[in-house]
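Note sheet for the following structure.
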Amino acid sequence: MYKNLEEHNRLVNKYLKIFFVVSLYWCTSILTVFVNKHLLSSDTVNLGAPLFMSWFQCVVSTVICFLASRLSRKYPSVFTFPEGNPLDIDTFRKILPLSVLYTLMIGANNLSLSYVTVAFYYIGRSLTTVFSVVLTYVILRQRTSFKCLLCCAAIVVGFWLGVDQESLTEVFSWRGTIFGVLSSLALAMFSIQTKKSLGYVNQEVWLLSYYNNLYSTLLFLPLIIINGELETIITYPHLWASWFWAAMTLSGICGFAIGFVTALEIKVTSALTHNISGTA
């Protein structure tokens, strides 16, 4: 009797934890998308440098993790941060594939947002579940049920229907659509790689977020130059405005939050569950 009660309580606690983590991810994701869209396309900001914004988000995330690490060493009774060295070659080699996928994912995310509306952005992201099922079979050799395949077929049909209807409007963008699909593919691969990378850092989400954002900060620099954003940044009329950097910092905090909560959701559920959650 007591064993059954303990098992019941354990399951209730587990499901409540999953519920709160998934809910937190939804709220953080929606807030981040609208903040990023405002920075990229609003009349007041209209930055026009999506990769620079992605880079700055990684910088803010890295600074947050670095400060948390320092505070943990100075005040161990108040702050707790796992020990680790981001400059370790072995760590860099193990986490780099995740950072490459993360760079591709958030870069394509923000590039897509700069071309399309928020509503159509989520249509482009809907293929994440389909890519996740395909990659689960290709990489992990895990088969999927026929019912799941039918659901994937419905998602693909819905995607093409959305593209077809959006193409009739003046705001439709093939570039935005392609970047949205690329973002979906990168997210599916990133989710699988995150589950693997958590094992390298003893399931420490804080540590993985620290390493990943630091390495991604370096990866974004050449991409900013290749995309021709340096001139856009230098000639931006509000570059030295305090409100602009306040908005950018808010975007960076949102970027840190979504990265942290993403890893946390994958940790407590699975890569496929996270992808379904992200496109729900």
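The values are calculated or read from the model by the stated rules, or taken from the named source; none is laboratory data. Fair warning: this is a prediction, and the values are worked out from it, not measured in the lab. So basically every Cβ, Gly included, is an ideal-geometry build from the backbone, and we count neighbours across all protein chains shown.
Among the residues in the stretch 267-278, are any in contact with a helix residue (DSSP H, G or I) (Cβ under 9 Å, 6 or more places away or on another chain), closer than 20 Å to Ile64 by Cβ and touching a residue at least 24 places away in the same chain (Cβ under 8 Å)?
yes
Of everything in the stretch 105-149 that's closer than 30 Å to Leu207 by Cβ and of a type in the set (Lys, Arg), which residue is modelled with the highest pLDDT?
This residue is Arg125.
Phe190 versus (1) out of contact with any Leu (no Cβ under 8 Å at 6 or more places or on another chain); (2) in a helix (DSSP H, G or I); (3) touching a residue at least 24 places away in the same chain (Cβ under 8 Å): which is the lone unmet condition?
(1)
Pairs needed: first member in the stretch 1-28, at pLDDT 80 or above; second member anywhere, among the aromatic types (Phe, Trp, Tyr); C-beta distance under 8 Å; at least 6 residues apart or different chains.
none
Scan the stretch 216-228 residue by residue and report those that are part of a helix (DSSP H, G or I) and either polar (S, T, N, Q) or touching a residue at least 60 places away in the same chain (Cβ under 8 Å) (or both).
Ser216, Thr217, Leu219, Phe220, Leu221, Leu223, Ile224
Quick test of your reading of the structure: Ala186 fulfils all but one of (1) closer than 18 Å to Asn110 by Cβ; (2) modelled with pLDDT of 90 or more; (3) over 14 Å from the mean Cα position of the chain (by Cα). Name the failing condition by number.
The single condition Ala186 does not satisfy is (3).
Take Tyr102 and tell me if it is modelled with pLDDT under 85, buried (at least 17 other Cβ atoms within 10 Å of the Cβ) and assigned to a helix (DSSP H, G or I).
So Tyr102 does not fit the description; no.
Could you please find all residues in the stretch 150-175 being over 24 Å from Val116 (Cβ atoms) and surrounded by 12 or more Cβ atoms within 10 Å (Cβ to Cβ)?
Result: Cys151, single match.
Show me the helices (runs of 4 or more DSSP H) entirely contained within the stretch 229-280 in which 1 or more residues are of a type in the set (Phe, Trp, Tyr) and surrounded by 17 or more Cβ atoms within 10 Å (Cβ to Cβ).
242-268
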